[in-house]
1. Among GLU35, GLU175, what's the order by accessible area (1.4 angstrom probe), most exposed first?
2. For segment 140-236, compute Rh as the Kirkwood radius over C-alpha pairs and then the Stokes-Einstein diffusion coefficient at 25 °C and 0.890 mPa s; write the answer in µm²/s, rounded to an integer.
3. If contacts are Cα pairs under 8 angstrom and at least 6 residues apart, what is the relative contact order of segment 72-211 in percent?
4. Give the average over all directions of the projected area of the C-alpha convex hull of the chain, one decimal, in nm².
5. Leaving out same-chain residues fewer than 8 places away, which aspartates and glutamates sit with a Cα under 16 Å from that of LYS130?
6. Could you give the length gained on full extension between GLU231 and THR98, defined as 0.36 nm per residue of separation minus the Cα-Cα distance, in nm?
7. Summing -39500 (n - 2.57) over the DSSP H runs of n ≥ 4 in the chain and dividing by its residue number, what mean residue ellipticity at 222 nm do you reach, to the nearest 500 deg cm²/dmol?
8. For every other residue with a beta carbon closer than 13 angstrom to the beta carbon of SER15, add +1 if it is Lys or Arg and -1 if Asp or Glu, then tell me the sum.
Amino acid sequence: TGTGGRVDMTGRPKSEAAYTRVALEREMGPYIAVEPVCFRDKVQISGWQLTKGLESWSWNGCDGQTAKVMVFARGKEVELLVNGNSVGKKKLKKARATFRTAYADGEITAVSYGDDGQEIGRYSLKTAGKETRMRTEPEAPAARPEGLIFLPIRYTDAAGIWKPMERHQIRVSVENGRLLGLGNGCPYYRGNYTDSATETYFGDAFAVIQAGKEGSVRITVSDETRDRTEEVPIQA
């Protein structure tokens, strides 16, 4: 609930959401959370958060820097691999284990093992590619007359892999509707949610728009170099 729980203000699950599913035995895991590597800003978290980690291995330009990696899983122990090379194995305590390793672009993998030493789960994160895209994907394909449109905004590579180091100032304009709120998932947000501009937070932002009465809503999201437009039909 809110930024102090397992979901941030934009509705995106945090890495702790995966831990909760594993700890409550809803899932076996493993899942991976990586603390931001060589990030220039101090990462703010609330007192209820378990970790600063994000579900990303896209820390471009940070090769050789120390990465703190937390793994959530059921089982006896877990192994961490970076680009196929083992960082080591650790016993799971309270369904988690923490590793420190040198960051390198590529792929990070967690492998969990049961009491018999057999693999029971595997999960990987890949580094995003060089191309950067701004993705805007309304949560629903249409809106009701004067209904709400929820618009996540995220920076990714061409394949859709999240790029949390992308930091931009974005602006949202709306035709045949009105912008009700715009912001990001920072737990200590410095802006005003009613403004038409905001900074991204780890490559993300979120907009809430009220549709007009009929026709379609035209939403344009702009940053320093890009413009992206979404047309959302209004259906009774």
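1. GLU175, GLU35
2. Roughly 178 µm²/s, to the nearest whole number.
3. Computed over segment 72-211, the figure is 19 percent.
4. 13.8 nm²
5. ASP63, ASP105, GLU107, ASP157, GLU166
6. Once the chain is fully extended between GLU231 and THR98, it gains 43.4 nm.
7. Rounded to the nearest 500, the figure is -1000 deg cm²/dmol.
8. Result for the local shell: +3.
The values are calculated or read from the model by the stated rules, or taken from the named source; none is laboratory data. All values derive from a computational prediction rather than experimental measurement. Heads up, the Cβs are rebuilt from the backbone with ideal geometry, glycines too, and the neighbour counts pull from every protein chain shown. The area values use the complete protein model at the heavy-atom level, side chains included, leaving out ligands, DNA and RNA. Shrake-Rupley method; radii C 1.70, N 1.55, O 1.52, S 1.80 Å.
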